[in-house]
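K.L.:
Please read through the structure below; I'll follow up with questions.
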Amino acid sequence: QLRLVPDMFRTLRDKTPVDENGEPQSVSAFGAFTISAASRVGVGNIAGVGTAIAVGGAGAVFWMWVMAFVGGASSFIESTLAQLFKIRDRGEFRGGPAYYMQHGLRARPMGIAFAVILVVCFPFAFSSLQANTITAAVSTTVGQRPSWLPWAIGVAVGILTAAVVFGGVRRIASVTQTLVPLMALGYLLLGLAVVAVNITEVPAVLGEIFGNAWGPNEVVGATLGYVVLTGIKRGMFSNEAGLGSAPNAGASAAVTHPVKQGLVQTLGVYFDTFLICTITAFIILVSSPDLAGAQRGIGLTQNALVDALGSWTNTALTIVVFLLAFSSILGNYYYGESNIEFITRRREVLTGYRALVVVAVLVGSVASADIVWNFADTVMGLMALINLIAIAALSPMAFRLLANYR
């Protein structure tokens, strides 16, 4: 996770191999990175970190960092395996955990079980969560929430989603390659401005993050366990390492060695947690909030921005949240499509799936946030369990590939 960081950046710039007609074989290494980053960088980075800090205190941030470093290894293994066992499908590459469960473990029923859970988890549960956060951000910005507003937001986001997802993986990649750098830069600039305004608080914040992760108060009883659990849950929701989602994007890339996409997806974990999540944590913590009874989710981040930079940041954050959430909906959709086509190749099933994704976005816009969060956490845990069993069994292959690459 540490010594090959230079290779991660170098591989990101690789040119896409071409076919016999001189056309790119599939999406580029960078394109696959942005599809996975589109899914990773979303609600988990703003609402998820806010929830982790509100529930587990500043110490939860430390465990998110730990999760990212450990998760960088599991992300490498799963995305390398996805490249090894990918298939060619209508001129594009397709793969992921369901595919390496079938072709690597000879366990198609396990692959189908994983595929079904992923479809429920990402394009339905997680995309509902993204739409829910867009509604919350817009409501906070306008200062009121008339009954028609969530429905209007849901319909608008649903129409935009339909316009992209019916165009296939290349259209999704072209959209995410534009949105991901734009949203990341915008959010980082906001965060750095908050940190600059409160620069004298940074040493105290770092002390709080490390101190509260191990402090005597947290060790007593189950408190430390709750801090650890909160940090790890939100960390996994954010960076998705080991969850089995990013390999679906990793498999779509045309690369000259399977390990290259494993390294790119490890970099994706670092980009998500060490950069975007950390900025969110500092936005909240440098404002010295009273975490007792603090609002969970995106509200904590919005309040901290307003306190530091003024009310105009409400509008700015709403725009960033929309870009984050909409790009995540696109990434989540692609994960589901890859697994739908693992289960069945019938075109009418794929068309029905696309329509249901649009409906899930609409429902998520008007549903209760707590219901969506709890459902997403439950399904995510089951999905991670199945994937981690598979990558534990297949990891010797990834180790041999790494030795070959080096």
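The values are calculated or read from the model by the stated rules, or taken from the named source; none is laboratory data. Since the model is a prediction, treat every value here as computed from it, not as a measurement. Cβ: placed from backbone, ideal geometry, glycine included. Neighbour counts: every protein chain shown. Ligands, DNA and RNA are stripped out before the accessible areas are found, and what is left, the full protein with its side chains, is counted by its heavy atoms. Shrake-Rupley method; radii C 1.70, N 1.55, O 1.52, S 1.80 Å.
K.L.:
Check each of the trypsin sites (Lys or Arg not before Pro) in segment 74-112 and keep only those in coil by DSSP with at most 13 other C-beta atoms within 10 angstrom; list them in order.
P.N.:
90, 106
K.L.:
Also, quick follow-up: Using a 1.4 Å probe on the protein chains only, how many percent of the accessible area of segment 303-367 belongs to carbon and sulfur?
P.N.:
Ligands and nucleic acids excluded, carbon and sulfur give 67 percent.
K.L.:
Hey, can you find the accessible area per residue of segment 327-406 for me, probe 1.4 Å, expressed in square angstrom?
P.N.:
That works out to 44 Å² per residue.
K.L.:
Calculate the dipole size of segment 323-406 relative to its Cα centre from +1 charges on Lys and Arg beta carbons and -1 charges on Asp and Glu beta carbons; express the result in debye to the nearest 20.
P.N.:
Numbers: 6 positive and 5 negative charges, 87 e Å.
Roughly 420 debye, rounded to the nearest 20.
K.L.:
Here's a follow-up. I need the peptides 130-137, 54-61, 350-357 ranked by packing, meaning the mean over residues of other C-beta atoms within 10 angstrom, with the highest value on top.
P.N.:
Descending mean neighbour count gives 130-137, 54-61, 350-357.
K.L.:
Ok, one more. Considering only protein heavy atoms, with the full assembly of protein chains and a 1.4 angstrom probe, order 346, 108 by accessible area, largest first.
P.N.:
346, 108
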